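Peer 1: Sending over a structure as structure tokens; questions will come in a sec.
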Amino acid sequence: MESHRSPDDARALLSEIHADRVVLADRLAAPTWFYPTFAALTALYVGTPSLPDGHVRSVSTSVLVAAAIVTTVLYPRLTGVRPSGVGVVGWCVLGGLLVTVLGSLSVSYGLVASLSAWWVLVPQALCFVLVLFGGRLFDREYRRHLHADDVRRPSGRAHSGPRS
């Protein structure tokens, strides 16, 4: 099927698509409660080494991990944001958040073993702050990625020009 539209019409349509992406990007901010909730869950998880060994620690850890997973699964449903479309910087932010949580947990275990359970509050607070601001950075990066000027094909790869 051949189209009889001019190149100017095609450019106008592509411009409208880009304008729609910009409007969509501005509306895709995560709910205000999302990042503080997720940061609190991860901070509580980082504090689990201070709990008594046994059933209490196991149940607490399981509940916190399940809550974080549920929150993470709800994120795309609430915002429409799929991590595959965040670009390299967005993936780096997510990787940094994972390293932050696991590193904070490791420090917590070390502090409980060598000092006192109360010292866990330090990596908990640090984890909370880093996850809160890192999550908001991820959100901004995703919206910036959608604002990008380049036209993208449905596969998500940048269009490199006419095909021969």
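Peer 1: Mind checking the full-extension length gain between Ala19 and Ala67? Use 0.36 nm per residue of separation minus the Cα-Cα distance, one decimal, nm.
Peer 2: Extra length available between Ala19 and Ala67 comes to 13.6 nm.
Peer 1: Please work out the ratio of the alpha-carbon Rg of region 36-127 to 2.2 N^0.38 Å and round it to two decimals.
Peer 2: My calculation over the Cα atoms of region 36-127 gives 1.20.
Throughout, read-outs are computed from the coordinates displayed, never taken from laboratory work. Just so it is clear, the model here is predicted, and its values are computed rather than measured.
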